[in-house]
Amino acid sequence: MSQGEVPGGPGGPGEPVAKAHATGRATRVSPRALSFYAATPGLVGFIARPLALAFILFELLAAVAVVIFLMGPMAQGSAERLAGLMVLSAQTWSELPPGTRADFELELARTHWLSLREAGTRPSPTGWHGFYIHFLEQALATKTGSEQHLRGELRAGDWWWWATLPSGDGRIDVGFPAWRIGTHPLAAILLTLGGGLLLALVATLWLAHRLAAPLAQMERATAVVGRGALPDTLPETGPRELATLVARFNLMARQVRELVAVRTTLMAGISHDLRTPLARMRLALALLAERPTPRLIERLEADIAEMDQLIGKVLDLARGLEAETWVDLDLGELLAELAEAIPGDRVRFTRLAAPLVRPVPPLALRRVLENLLTNALRYGNEQAVDLVLEASQGRVRIGVLDRGPGIPPERVEAMFQPFQRGEVSRSPLTGGAGLGLAIVRQLVETHGWQVQLLPRENGGLAAWLQLDPSSSTTNTQKRPL
């Protein structure tokens, strides 16, 4: 059994599913793991549950606070005023002459919705009632000095509350209709809690969906990448963290798309460029079988060297993503060394008065500059190439300036693709393999630099390498070259 597999084998109860190891070998995971992931709640549910619980707890806390600090004191104050009016009405009735009591009762009913009647048999107190009636009973007990219990009864289709209060030397029933209170605190609390809970659930689902939608899109796009296809660009919207995550995913998808395109181009270009020297070698071998000559052997050696150079360039392009340690390097010394390595004073560089030291990956920077210099010397019409080092406001850029035919602006971007050349004959006598600028682009993007190819005044090409990754790209068409 190989490492990372579970017993059962294909088709058995322990049939594995793909799982990646650091070694690159594909191992498998049992279907039990898949069922576990399938049973795990989705992101919407994962976010909605704690949000809903938080909203519900907030609603309960708010309701309790409203009842204790707002509705309770207001109900107590209202009950105090009503109790005072009921006690005063009972006392006033006993002090009025009997002939005016009927008018007083009518006025009391018209202005205060209170009714008076002789105290009869006191029925048993009504059972459970609302908080307001409880506050009213307490207020009446305080004002009369005796315990009071309100009684409820149906009168002319309305529910009335009655209290037996002292009136002079006797007692009298004072009552009021239930609609006089006009408040239903329990119903208000239940309605508020119910409505708040519904709104909390709706807001929870909306927020959870809004947060989970970009991640769900990324999940589907990742599945597309896993199948070997290329997903569409995702919208970079939403919260800052999600937008940043989606932007990085889009960048990764674009890089994958570019890598696939580069791989396809590399395979096609290598097969095309190797076919010519292989055909010449086949012809030379056939002629060697008939009559060996030093010239045919030299031709074979030249073709082998050409193939070796092509393979070396492809390997340089493949090594563009390799990490390299950054070290402090005197850029002026590096450029002077590159200029002195070219014989015949074909490269001109003026040393700086003071060292210009920057942290850079030395091998990668050297490879970029060597490829730019090679192109400038090859297409520079046999004229000297200028190496320029500029430093301004913390920004450093290096220029490789030639006096060749230049590159049309509409062809600049295409020249960074593999196997693209300024002249289309693809002869080794007139140009290279067309990988130099592709290697430059690969190294520049890997290390966060910027490269531009711009036309020079009076003819030629200016290749500018910006080493400061934080600097913004400006319109260098206006810069003096």
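Please work out if Val388 is hydrophobic (A, V, I, L, M, F, W, C), modelled with pLDDT under 85, more than 36 Å from the chain's Cα centre (by Cα) and surrounded by fewer than 19 Cβ atoms within 10 Å (Cβ to Cβ).
no
Among the candidates Ala75, Ala22, Ala48, single out the residue that is at pLDDT 80 or above and aliphatic (A, V, I, L, M).
Ala75
Is it the case, given these coordinates, that Gly399 is modelled with pLDDT under 75, closer than 16 Å to Leu373 by Cβ and either not in a loop (DSSP other than H, G, I, E, B) or not assigned by TED's automatic domain parsing to the domain that holds Arg299 (or both)? Before you say what the answer is, go through the steps one by one.
Numbers: modelled with pLDDT under 75: no; closer than 16 Å to Leu373 by Cβ: yes; either not in a loop (DSSP other than H, G, I, E, B) or not assigned by TED's automatic domain parsing to the domain that holds Arg299 (or both): yes.
Judged against the criteria, Gly399 is not a match.
Here are some residues: Val385, Val368, Val396. Which one is within 15 Å of Gln442 (Cα to Cα), in contact with a helix residue (DSSP H, G or I) (Cβ under 9 Å, 6 or more places away or on another chain) and not aromatic (Phe, Trp, Tyr)?
Numbers: Val385 fails: within 15 Å of Gln442 (Cα to Cα); Val396 fails: within 15 Å of Gln442 (Cα to Cα).
Residue meeting the stated conditions: Val368.
Looking at the range 450-465, which of its residues are touching a helix residue (DSSP H, G or I) at 6+ places or on another chain (Cβ under 8 Å) and either at pLDDT below 90 or of a type in the set (Phe, Trp, Tyr) (or both)? Steps first, please.
From the range 450-465, those touching a helix residue (DSSP H, G or I) at 6+ places or on another chain (Cβ under 8 Å) are 450-455, 461, 463-465; that's our starting set.
Passing the criteria: only Trp464.
From the list Glu118, Glu95, which one is among the acidic types (Asp, Glu) and modelled with pLDDT of 90 or more?
On the way: Glu118 fails: modelled with pLDDT of 90 or more.
Matching residue, one of Glu118, Glu95: Glu95.
Taking the criterion of being modelled with pLDDT under 80 and acidic (Asp, Glu), would at least one residue in the range 215-224 satisfy it?
Checked the range 215-224: no residue is modelled with pLDDT under 80 and acidic (Asp, Glu).
Hey, does the range 419-432 have a residue that's in the same structural domain as Arg346 (by TED's automatic domain parsing), at pLDDT 80 or above, more than 17 Å from Leu335 (Cβ to Cβ) and not aliphatic (A, V, I, L, M)?
No - not one qualifying residue is present in the range 419-432.
Quick one: is Ala354 assigned by TED's automatic domain parsing to the domain that holds Leu377 and either acidic (Asp, Glu) or at pLDDT 75 or above (or both)?
Yes, satisfied.
Hey, does the range 187-196 have a residue that's touching an Asp or Glu at 6+ places or on another chain (Cβ under 7 Å), outside the structural domain of Ile297 (by TED's automatic domain parsing) and at pLDDT below 80?
Yes; the residues of the range 187-196 include at least one that is touching an Asp or Glu at 6+ places or on another chain (Cβ under 7 Å), outside the structural domain of Ile297 (by TED's automatic domain parsing) and at pLDDT below 80.
The values are calculated or read from the model by the stated rules, or taken from the named source; none is laboratory data. Everything numeric here is computed off the predicted structure, so don't read it as measured data. Glycine also receives a Cβ, built like all others from the backbone with ideal geometry; neighbour counts cover every protein chain displayed.
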